[in-house]
Amino acid sequence: MACLLFDDMTSLDWIGFFEAVTRLRLMEGGESVSWDFCAVKDTVADDRGVTYRANRIRPDLAGCDLVFVPGGMATRTLRHDDAFLRRLRTAEPAEWKVSVCTGALLLGAAVFLQGKKAVTNASAFDLPAPYCAEVVKARVVRNGQVITGAGVSASIDTGLYVVERLKGPRSGGDDPSADGVSLVPRVRRFRHLPGGILNPMWPRQNFPARTAKKNGESAEPSPSPLHLYG
């Protein structure tokens, strides 16, 4: 797997995802899971000034099974950076292409979202629109092998969904040694609902609803859905 790092990215976009998917190493058959941190130079600094060191510089991504792209304000410029996009397009053979937040803008500019639906940060819905079929309001959206997550807080959910896709839903009840997302301790899993919608939920209980008061009456909005297309 490869994580693309770049200056002025939002760290939480990839750290939440990374925390979830590295749990694959704890699962049967996951011992061989490996990660590369890829960038166009040795070190990059995020939008808060935190510095990271890449272990692969300007790599060819064709040999990766999964390529992950975080978001951040820099995506607004990078979508016009021909050299960066040429490097990202080498990920075409990768089985999975995943983004969180405005990382979807870069997947779109690299033509990986053409004809597909996607999601991004709620404040940037208009940005990926020229590159995809539709930007939808959801937590996570999957079109075949392309997965896009919403804003920064959706990073862990996106990672957990990828774990479930790669290892399958938990099959051992409450047995913590069973394969699947039950090995990710005390975190969300997904309840499958009709119509291709998956809602996040906590183990052993429904996802807690929040009650909003309006005109003296209570309303319970449903959690942000996860949509599957194709």
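The values are calculated or read from the model by the stated rules, or taken from the named source; none is laboratory data. Keep in mind the model is a prediction, meaning the values are calculated, not measured. Here the Cβ positions follow ideal geometry from the backbone for every residue, glycine too, while neighbour counts run over all protein chains shown. Side chains are part of the model used for accessible areas, which takes the heavy atoms of the whole protein and leaves out ligands, DNA and RNA. Shrake-Rupley method; radii C 1.70, N 1.55, O 1.52, S 1.80 Å.
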Going through region 120-141 in order, the residues found to be open to solvent by less than 10 Å² (accessible area, probe 1.4 Å), under 13 Å from the mean Cα position of the chain (by Cα) and closer than 20 Å to Leu78 by Cα are Thr120
Residues of region 69-94 being within 16 Å of Leu113 (Cα to Cα) and in contact with a Ser or Thr (Cβ under 7 Å, 6 or more places away or on another chain), in sequence order, are Val69, Pro70, Gly71, Thr75
Per the filter on region 120-155, residues farther than 18 Å from Met9 by Cβ, part of a loop (DSSP other than H, G, I, E, B) and in contact with a Ser or Thr (Cβ under 6 Å, 6 or more places away or on another chain) are Arg139
Checked Thr77, Thr10 against criteria (at negative phi, out of contact with any helix residue (DSSP H, G or I) (no Cβ under 8 Å at 6 or more places or on another chain) and either small (Gly, Ala, Ser) or at pLDDT 95 or above (or both)); the one match is Thr77
Turns out the strands (runs of 3 or more DSSP E) fully within region 1-119 with at least 2 residues that are more than 16 Å from Thr148 (Cβ to Cβ) and open to solvent by less than 70 Å² (accessible area, probe 1.4 Å) are 36-39, 43-45
Here the qualifying pairs (Cβ atoms under 9 Å; residues six or more apart or on different chains; first in region 24-35 and among the hydroxyl-bearing types (Ser, Thr, Tyr); second open to solvent by less than 100 Å² (accessible area, probe 1.4 Å) and assigned to a loop (DSSP other than H, G, I, E, B)) come out as Ser34/Met1
